[in-house]
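The values are calculated or read from the model by the stated rules, or taken from the named source; none is laboratory data. If you're wondering where the values come from, they're calculated on a predicted model, not measured in any experiment. A quick note on method: Cβ atoms are made from the backbone with ideal geometry, for glycine too, and the neighbour counts reach across all protein chains shown. Quick note on the areas: whole protein, heavy atoms, side chains included, nothing else; ligands and nucleic acids left out. Shrake-Rupley method; radii C 1.70, N 1.55, O 1.52, S 1.80 Å.
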Amino acid sequence: PDLLRPKAVLLRQPRAPEIVGAKTVLAEDFGYANTSSMVVVRCADGVAADRVDFAGSKPGKRETKTFLETHVSGAEVEVLERVQLSGRAFLARIAEYADRIDTLRSEIDRGYLRLGRLKGELNRLTGADPTAPVPEEPEEVAGPEAARYRSMHGRFFRLLGGLGRLKARRRALYRKIAGVKKSWFGHVANIRAALATRHRAVVAAEELSVLAVEKKDPGYKGRTFNRMINNGAKGQYTRRADDTLRWRGIATLKLPSFYTSSTDWRTGTVDKGQRSGSRFRARDGAEWDADLHAAELLARWLFLRPKPAAPAAASTL
């Protein structure tokens with residue numbers, strides 16, 4: 001109480017956003033097997049103010065689908081760089097910790113069942129209420145059950161201490177998972193910021209919804225794995241990545257994530273059937289990596305132009 005330790009927090013005033021008129025955009029698709037797929041594009045026309053306003057209005061699925069079906073992109077947009085960061089090693093580490101947590105959870109559950117049975121029998125021998133806590137000091141029990149009571153009393157507290165140690169090991173695994181996520185997401189955020197800085201690009205990213213791996217998905221590794229991935233993943237990455245960009249004075253814009261995996265930007269075709277696993281296959285046979293395709297659509301999103309009107313059918317006489 002008599003020691004004062006002043007602390008200082010260093011702040012950097014970010015530059016004002018410069019999205020309207022920007023000619024270079026970096027966009028990112030955030031996922032699982034590939035944690036980050038990034039594409040940098042350039043368009044001489046620059047980002048129009050009405051496009052920024054439309055994105056800022058947070059359009060819903062219907063408005064977004066209509067927009068994507070009526071706008072296209074082509075050779076006027078140049079792809080400067082593609083970067084994809086595989087998350088397979090990251091997911092494997094999370095899965096390893098999740099398996100160990102499941103094993104500990106099973107041991108803890110079995111231990112509590114045994115503890116409950118011991119508690120009921122101890123309270124029966126002392127005449128206490130079945131739900132009453134077991135005293136740390138053994139009580140006096142008369143008759144032939146005295147030795148049995150003392151033996152069970154000792155087993156009860158040894159088991160209770162063992163359960164405490166198992167739960168401490170489980171908490172340690174939770175902390176390790178949090179550390180792995182913090183390290184990996186920080187690494188990804190720094191790469192994205194460096195890429196944006198090198199190309200002097202504004203950053204467009206989708207509004208991340210709650211992440212989840214469905215049971216039918218090949219990447220699903222159990223309830224614990226799913227919870228460890230989802231718990232704070234969106235918030236951790238978004239905060240770290242966006243803070244890094246703000247610190248470096250890089251302008252950012254959130255885009256709707258609807259239909260990024262199912263739209264062919266060349267023709268304005270929105271069809272879920274075009275996405276098949278890790279590949280995007282357009283109706284004309286063109287094919288892309290699905291995550292990089294989604295990132296490229298997000299990068300082109302701000303440069304999409306109205307689809308040309310279809311030529312009128314020739315009349316016959």
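For the chain, the antiparallel share of DSSP beta bridges with both residues in that region comes to about 75%. The residue among Thr103, Tyr32, Ala49 whose Cα reaches farthest toward the positive pole of the charge dipole of the stretch 15-125, with charges on the beta-carbon of Lys, Arg, Asp and Glu, is Thr103. Can you work out the base-10 log of I(q)/I(0) for the stretch 1-127 at q = 0.09, 0.11, 0.19 1/Å, using the Debye formula on its C-alpha atoms alone? The Debye formula, applied to the Cα set alone, gives -0.65, -0.77, -1.19.
Projecting the Cα atoms of Phe67, Thr263, Phe156 onto the charge dipole of the chain, computed from C-beta unit charges around the Cα centre, puts Phe156 farthest toward the positive end.
Its Cα centre serving as origin, the stretch 48-149 has a Cβ charge dipole (Lys and Arg +1, Asp and Glu -1) of approximately 380 debye.
In this calculation the C-beta distance from Ala147 to Arg124 is compared with R0 = 22 Å, giving a FRET efficiency of 0.85. Sorting 283-290, 65-72, 296-303, 35-42 by average packing, meaning the other beta carbons within 10 Å per residue, from highest down gives 296-303, 35-42, 65-72, 283-290. Relative to its residue count, the chain spans a Cα convex hull of 230 Å³ per residue. Its DSSP H runs of at least 4 residues, each contributing -39,500 (n - 2.57), put the calculated 222 nm mean residue ellipticity of the chain at -16000 deg cm²/dmol, to the nearest 500. Across the options Leu113, His199, Asn123, the greatest Cα extent toward the positive end of the charge dipole of the chain (unit charges at beta carbon of Lys, Arg, Asp, Glu) belongs to Asn123. The length gained by stretching the chain between Arg283 and Asp271 to full extension, at 0.36 nm per residue less their Cα-Cα distance, is 3.4 nm. Rounded to the nearest 20 debye, the dipole magnitude of the stretch 78-133 is 320 debye, with +1 charges on Lys and Arg beta carbons, -1 on Asp and Glu beta carbons, and the Cα centre as origin.
Considering only protein heavy atoms, with the full assembly of protein chains and a 1.4 angstrom probe, order Tyr149, Tyr32, Tyr97 by accessible area, largest first.
Tyr32, Tyr97, Tyr149
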